[in-house]
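**Student:** Let me begin by handing over the structure; questions about it come next.
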Amino acid sequence: MELTAEIKASIDKSVLCWLATSSSKNIPNVSPKEVFTYFGPDKIIIANIASPQSVRNIKENETVCVSFIDILVQKGFQIKGKAEIIDQSNDEFAAMEQLLIRITEGKFPFPTITLITIEKVKPIIAPKYLLYPDTTEKEQIESAKKAYGM
């Protein structure tokens with residue numbers, strides 16, 4: 001499944017994503033990730049900065065889920081797929097690293113990268129849009145700012 005322009009734009013606007021993994025014993029783990037982007041037509045990459053449990057789980061169970069939203073518009077995407085841990089011996093590591101270094105500005109070293117090949121994509125949308133179909137993004141932003149005290 002390829003990333004659409006809409007999904008790429010959503011990734012670019014999102015401050016962080018949530019990576020869900022599970023151990024071989026089906027013990028779940030969800031952790032926030034600040035340094036992520038897309039790579040090629042159907043992949044997402046995440047810098048493994050402080051991610052020992054996520055890395056362990058992916059080595060045991062490659063099935064993952066990544067979610068990200070624009071917190072004010074309250075729309076985003078949930079992506080499910082297969083993950084692998086990429087280290088510096090991989091031929092594509094340097095290309096992936098360069099994309100992620102643009103985000104970190106070189107301030108956070110990362111020895112490995114999580115590479116996720118996308119299998120399924122589902123939009124995430126705040127219930128208000130569904131319950132009140134006339135809701136505009138502008139109204140939702142105003143409502144979110146009020147709720148967050150902004």
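The values are calculated or read from the model by the stated rules, or taken from the named source; none is laboratory data. Note that the coordinates shown come from a computational prediction; the quantities given were computed from them, not determined experimentally. Because the Cβ atoms are built from the backbone with ideal geometry, glycine has one as well, and the counts that use them run over all protein chains shown. With ligands, DNA and RNA removed, areas are computed over all heavy atoms of the protein, side chains included. Shrake-Rupley method; radii C 1.70, N 1.55, O 1.52, S 1.80 Å.
**Student:** Given the conditions (1) free of Cβ contacts under 8 Å to residues at least 24 places away in the same chain; (2) in contact with a strand residue (DSSP E or B) (Cβ under 6 Å, 6 or more places away or on another chain); (3) assigned to a helix (DSSP H, G or I), and given that residue 6 satisfies all but one, which numbered condition is not satisfied?
**Tutor:** Among (1) free of Cβ contacts under 8 Å to residues at least 24 places away in the same chain; (2) in contact with a strand residue (DSSP E or B) (Cβ under 6 Å, 6 or more places away or on another chain); (3) assigned to a helix (DSSP H, G or I), residue 6 violates only (2).
**Student:** Kindly check whether there is at least one residue in the stretch 70-92 that is out of contact with any Cys (no Cβ under 6 Å at 6 or more places or on another chain), polar (S, T, N, Q), under 30 Å from residue 149 (Cβ atoms) and at pLDDT 95 or above.
**Tutor:** Yes, that holds for at least one residue.
**Student:** Okay, next question. How many of the residues making up the stretch 78-96 are in contact with a strand residue (DSSP E or B) (Cβ under 9 Å, 6 or more places away or on another chain), of a type outside the set (Asp, Glu) and open to solvent by 20 Å² or more (accessible area, probe 1.4 Å)?
**Tutor:** Result for the stretch 78-96: 7.
**Student:** Hey, could you check the stretch 1-33 for residues that are at pLDDT below 95 and within 9 Å of the chain's Cα centre (by Cα) and say which is least open to solvent (accessible area, probe 1.4 Å)?
**Tutor:** Out of the qualifying residues, it is 14.
**Student:** Does residue 46 satisfy being part of a strand (DSSP E or B) and within 23 Å of residue 108 (Cβ to Cβ)? Give the derivation first.
**Tutor:** Working: part of a strand (DSSP E or B): yes; within 23 Å of residue 108 (Cβ to Cβ): yes.
So residue 46 passes the test.
**Student:** Then there is this: Exactly one of (1) open to solvent by 50 Å² or more (accessible area, probe 1.4 Å); (2) touching a Leu at 6+ places or on another chain (Cβ under 8 Å) is unmet by residue 63. Its number?
**Tutor:** The one condition residue 63 does not meet is (2).
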